[in-house]
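To start, the structure under review is shown below, and the notes come after it.
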Amino acid sequence: MLFLVAAKCLFVVVLVVGVCVPLLAWVDRKQSALMQDRIGGNRAAIGGVTLIGLFHPLADFVKLLTKEDVVPAGANRVLHALAPIIAVVPAIAALAVIPYGGVYTFGRSTVSLVAADIDWGVLYIFALGSIATYGAVLAGWSSNNNWSLLGGVRAAAQMISYEVTMGLSIVGIFMVFGTLKLTDMAAAQDSTIRIMGFVEVFGWILPEWASRFPFTLPNWGIVLQPLGFVMFLTCSMARNKRPPFDLPEAGSELVAGYLTEYSGMRYGLFRLAELVEIAVIAGLMTSLFLGGWTVPWLSTDRIIGAIAPLLGEAFANVVCLLAQVAMFIAKVVGMIWLQMLIRWSLPRFRYDQLMNLCWKVLLPLSIANIFATAGVLLLLGEVG
Amino acid sequence: MTIEVVLFYALAALAVFGALAMLLFVREVVASAMGLAVTMVSLAGIYLLLEAHLIAALQIIVYAGAILVLFLFVIMLFDPNNDDFDRADPPQIAIKVAGIAAALMLGVAIAGVVSAGLPDAGELPEGFGGFRDIGLQLFTAYVIPVEAAGLLLLAAMVGAVVLAKQRID
């Protein structure tokens, strides 16, 4: 049992930190180059092979490890050293509760593809996120540098503000699926809804042609809570301090904000935290809004039901597992692509725009979303 | 000793350590605030051992994640190590009187608890402490206190905005 948990943790961490993050570093270079009509990093080579720049993350890593770790005079040495660790640990720990597959039966044993299947999964991620705030804030404070300090102050205000709206924006999802557990949330999306179905609930009679309308949509969060999807994506990107929300870093105003006095691998850890956080956001968005590991229109029962009579229960479970894990990874890649696209498309917000967006647009919208969701649930008679 | 007991003593020691650090580093304001953070996170760990998942999560999200970060925010805005900062230390006699009074109060409280014993905490159903149980209680049996507390906080917030607005205008 302990072995299984360790294996799952290892799988997730190796997949994200070992595969996803280097690829993201590469995508960061290459996508920006593509969008700005450049070539992008293509010189790092092993024995003359460049592999379209894929060795650059490796070269970056070696460079960061071997560079001098400069600590500015007058810095608070302890906090300066702790800040990158406080930033990176919560990002990696958040991976534990994201389910990357369903529950599969092999003979007498069942396997649930999530490292920690806890009741309060979403709250766990929020709690870790609020600890990660300290990373940026302490980095800004401990560096003994005005630009860093300004970056830290900005980070504190920005991350607290967006934490509020981030929580409120997904209350609608909690109401619809009635759970905070990410595995239950994904499992609840393993079905379909008829597009015309809502009309019948109100007792209206559909015309003949419409009642035969066969189209169904997957029962996904994005279908039920489209506004929640947009708001949650905005808030989580703002929490992650990446462009267009990179005001704590703001290269054109604050040198590099809270990162100014960091070098070598301590700087690398902050970057690592950001890239891991991209993967965490993608995984969380997938679990909440894009059906998690479910294959659209092909529920687990249908997959197993189709294969099991022909090739046996165990084989059907293996196929189902592979298909669903692949589906999950595909969705996560899609969400990462979306974040990268936004990151390289939009210019940085001004600080007042950032705060107005949070408190005057997203906060009222998310509260309205909660009320609308509650109203619809009440009408549908789903409030017990 | 089971793993829970070991974890409990470790977390309790960490909580006390954080509280002491908060007092000892009172001149290093940020370090002092971090001591408070250590105490809060350790308390969350103790709540987790009690299977009070909701309170553990709220302890971190609200106290460690929001309130304390706001403390840090204020500390950074008004750098207290700056010489311009008017550090008006209270007179020595006042510090001594306050210290003795606090020690007396603590002594009376401890003596009261030891002599009278703690009231019975009441029976809780097995596994109580999840957000569903507490949420149901809050919005059925305790709905009026919850709403009253909400109203009070709203009033405090409006008051704070009014006071701050006067300074700006």
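All of the numbers you see were taken from the coordinates with simple rules; none came from a lab. Note that this is a predicted model, so its numbers are computed, not measured. Cβ coordinates were reconstructed from backbone atoms using ideal geometry, including for glycine residues, and neighbour counts include every protein chain displayed.
Per residue of the range A:92-103, in order, report the coupling 6.51 cos²θ - 1.76 cosθ + 1.60 (Karplus, θ = phi - 60°) as ³J(HN,Hα) in whole Hz, putting x for Gly and Pro.
6, 5, 5, 5, 4, 9, 7, x, 10, x, x, 10
Please give the peptides A:62-74, A:366-378 ranked by average Cβ packing (other Cβ atoms within 10 Å per residue), highest first, as a rough proxy for protection. It would help to have the intermediate numbers written out before the result.
Values: A:62-74: 11.9, A:366-378: 15.2.
Averaged packing, sorted descending, gives the order A:366-378, A:62-74.
Binning every alpha carbon pair distance of chain A at 20 Å from zero, what are the percents per bin?
With a bin width of 20 Å, the distribution comes to 25, 54, 20, 2.
Need one number: nm distance between label points at A:ARG302 and A:ASP69, each 7 Å from Cα along Cα→Cβ, rounded to one decimal.
5.3 nm
Once R0 is set to 35 Å, what does the formula 1/(1 + (r/R0)^6) return for the Cβ-Cβ distance between B:LEU106 and B:LYS165, expressed as a FRET efficiency to the nearest 0.05?
The calculated FRET efficiency here is 0.30.
Compare the peptides A:319-327, A:266-274, B:143-151 by average per-residue count of other Cβ atoms within 10 angstrom and give them in order, highest first. Could you put the intermediate results ahead of the total?
Details: A:319-327: 18.2, A:266-274: 21.4, B:143-151: 10.6.
With the highest mean Cβ count within 10 Å placed first, the list reads A:266-274, A:319-327, B:143-151.
Against the longest principal axis of chain A, how steep is helix A:313-345, in degrees 0 to 90 to the nearest 10, with axes from Cα atoms?
50 degrees
If you count, for every residue in A:125-133, the Cβ atoms of partner chains within 10 Å of its Cβ, what is the mean?
Partner Cβ neighbours, averaged per residue: 5.
Would you mind computing, in nm to one decimal, how far apart the modelled labels at B:TYR9 and B:ARG27 are, each placed 7 Å from Cα along Cα→Cβ?
3.5 nm
Evaluate the relative contact order of chain A (contact order divided by residue number), counting alpha-carbon pairs under 8 angstrom at least 6 apart; express in whole percent.
Numbers: 558 pairs, mean separation 85.5, N = 384.
Relative contact order comes out at 22 percent.
Using the Karplus equation 6.51 cos²θ - 1.76 cosθ + 1.60 (θ = phi - 60°), what ³J(HN,Hα) coupling, rounded to whole Hz, does each residue of the range A:286-300 give in order, writing x for Gly and Pro?
Each residue's phi maps through the Karplus curve to give 4, 5, 7, 10, 10, x, x, 8, 6, 8, x, 6, 10, 6, 3 Hz.
For helix B:68-77, report the angle its Cα long axis makes with the longest principal axis of the Cα atoms of chain B; keep it between 0 and 90° and round to the nearest 10°.
Compared with the principal axis, the helix lies near 10 degrees.
Can you give me the angle between helix A:226-239 and the longest principal axis of chain A, using Cα atoms only, in degrees from 0 to 90, rounded to the nearest 10?
Computed tilt is about 20 degrees.
Is it possible to state the helix-based mean residue ellipticity at 222 nm for chain B, with each DSSP H run of 4+ residues giving -39500 (n - 2.57), the sum divided by total residues, to the nearest 500 deg cm²/dmol? What is it? Working shown, then result.
Numbers: 7 runs with 119 residues, N = 169.
Calculated from helices alone, the mean residue ellipticity at 222 nm is -23500 deg cm²/dmol.
Which peptide among A:85-92, A:50-57, A:4-11 comes first, and what is the full order, when sorted by highest mean count of other Cβ atoms within 10 Å?
Numbers: A:85-92: 21.0, A:50-57: 17.1, A:4-11: 13.4.
For the peptides A:85-92, A:50-57, A:4-11, the packing ranking is A:85-92, A:50-57, A:4-11.
What list of ³J(HN,Hα) couplings, whole Hz, do you get for the range A:56-61 from phi and the Karplus terms 6.51, -1.76, 1.60, once you set θ to phi - 60° and write x for glycine and proline?
4, x, 5, 4, 4, 4
Based on DSSP loop calls and a cut-off of at most 11 other Cβ atoms within 10 Å, the longest stretch of chain B free of exposed chymotrypsin sites (Phe, Trp or Tyr not before Pro) is what? Present the calculation step by step, with values, prior to reporting the outcome.
Working: sites that count: B:PHE78, B:PHE85.
For chymotrypsin sites (Phe, Trp or Tyr not before Pro) (loop position, at most 11 other Cβ atoms within 10 Å), the longest site-free span of chain B is B:86-169.
Under the rule of -39500 (n - 2.57) per DSSP H run of 4 or more residues, summed and divided by the residues of chain A, what mean residue ellipticity at 222 nm is obtained, to the nearest 500 deg cm²/dmol? Walk me through the numbers on the way to the answer.
On the way: 17 runs with 236 residues, N = 384.
Calculated mean residue ellipticity at 222 nm is -20000 deg cm²/dmol.
For B:27-38, what's the mean count of beta carbons from other chains sitting within 10 Å of each residue's beta carbon? Kindly include the intermediate steps, with their values, before the conclusion.
Values: counts 0, 2, 1, 6, 4, 0, 4, 6, 0, 0, 4, 0.
Average neighbour count from other chains, rounded to a whole number: 2.
For a distance above 24 Å, tell me the whole-number percent of Cα pairs in chain B that qualify.
Details: 8622 of 14196 pairs.
So the portion of pairs separated by more than 24 Å is 61 percent.
Once the Cα gyration tensor of the range A:1-111 is diagonalised, what are the square roots of 5 times its eigenvalues, in whole Å and ordered largest first, as equivalent ellipsoid semi-axes? Could the numbers behind the result be given before it?
On the way: eigenvalues 219, 128, 35 Å².
Semi-axes (√(5λ), whole Å): 33, 25, 13.
Report, as an integer, the average count of C-beta atoms from other chains found within 10 Å of each Cβ along A:147-153. Before the final figure, lay out the partial values.
Working: counts 0, 0, 3, 1, 0, 3, 6.
Across A:147-153, the average partner-chain Cβ count within 10 Å equals 2.
Return a whole-number percent for the relative contact order of chain B, with Cα pairs under 8 Å and 6 or more residues apart as the contact set.
Details: 95 pairs, mean separation 28.9, N = 169.
About 17 percent, as a whole number.
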